[in-house]
Amino acid sequence: MIMIKKSFQKMFAPIVICFVILMTFCASPIFAETKDIAESATVKCDKEVVKAVVHSSAIGLGALLHEIKDEKKRVHLIRTFIDHIRFYHDNSGYLYVYDYNCVNIAHAAQKDLQGKNLYDYKDAKDKFAVREVSAIAKNGGGFVEYYWKKSNLDKKKDEVRKIGYAEPIPGTTYFIGSGLYLPE
C-alpha cells in the first residue's frame, strides 16, 4: 500500500505542476473576461437606472407642465426640477432637457448650454449627437451611444463614450434625457 501511495505521488506531482503552470499562463485572460462580464453587468444595471430616472422625471414634468402655458415659467420649472437630481454611486448621473429643434432648455451639469441650439453639434467622432438623441426621443424614446464631455472637462478631445437615454415629456415639445459614461 505504501509503495502504491509513493508511486501515485510521483505520478501526480508532475500533473499538479503542469496544472499550476497552465493556470499561470491562462489566468490573465480568464480574469480579464470575468472583469468584462462584471463591467457588462454594471452597464446593464446602470442603463436600467437611467431609464427609470428619465421616465419618472418625464412623467412628473409632464404632469407639472400641463397647466403652465407661459414659456418662461415652463423653463423655470424644468430647470428647478432637474437642477439637483443626481444619481449613481459617484453622482455622475444628471438630467437634461431639450426641445425637438435641439435647443437646450435645461442642463443640470453644464449650465452654459442652457438656451443654446446644439443642432449642428458634432461629438469627437463627428456624430450629430443631440440630433440623434432628439430623433430617438421623438419616436418614443431609447438609447443612443455618442461622445460627450464630462462636466469637469472642457475640451472636445476629452469627450468620453456615453450611452444616453431620452424620451418625450408628455404633452410638451420637449424631451428629457440622461446617460452613463462608459468605462475606458
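Computed from the coordinates by the stated procedures, all read-outs in this text should not be read as laboratory data. All values derive from a computational prediction rather than experimental measurement. Cβ: placed from backbone, ideal geometry, glycine included. Neighbour counts: every protein chain shown.
The magnitude of the dipole of segment 36-181, with charges of +1 and -1 set on the Cβ of Lys/Arg and Asp/Glu and taken from the Cα centre, is near 280 debye. Amide hydrogen proximity for Leu118: with H placed 1.01 Å from N in the peptide plane, the residues at 5 or more positions away or on another chain lying under 5 Å are Val103, Asn104. When both segment 100-149 and segment 168-184 are represented by their alpha-carbon centers, they are found 9 Å apart.
Once backbone amide H atoms are built at 1.01 Å from N, Gly142 has Ala166 as its partners under 5 Å, excluding neighbours fewer than 5 places away on the same chain.
Given a cut-off of 31 Å, name the pairs among Lys44/Lys72; Lys69/Lys127; Lys44/Lys122; Lys47/Lys125 whose C-alpha atoms lie farther apart than that in the structure shown. Over 31 Å apart, Cα to Cα: Lys44/Lys72; Lys69/Lys127. Where in segment 89-184 are there trypsin sites (Lys or Arg not before Pro) that are in a DSSP coil and have at most 15 other Cβ atoms within 10 angstrom of their Cβ? Loop-located and lightly packed - Lys116, Lys122, Lys125, Lys127, Lys150, Lys155. List the GluC sites (Glu not before Pro) within segment 38-97 that fall in a DSSP loop (any state other than H, G, I, E or B) and whose Cβ has at most 12 other Cβ atoms within 10 Å. Filter output for segment 38-97: Glu67.
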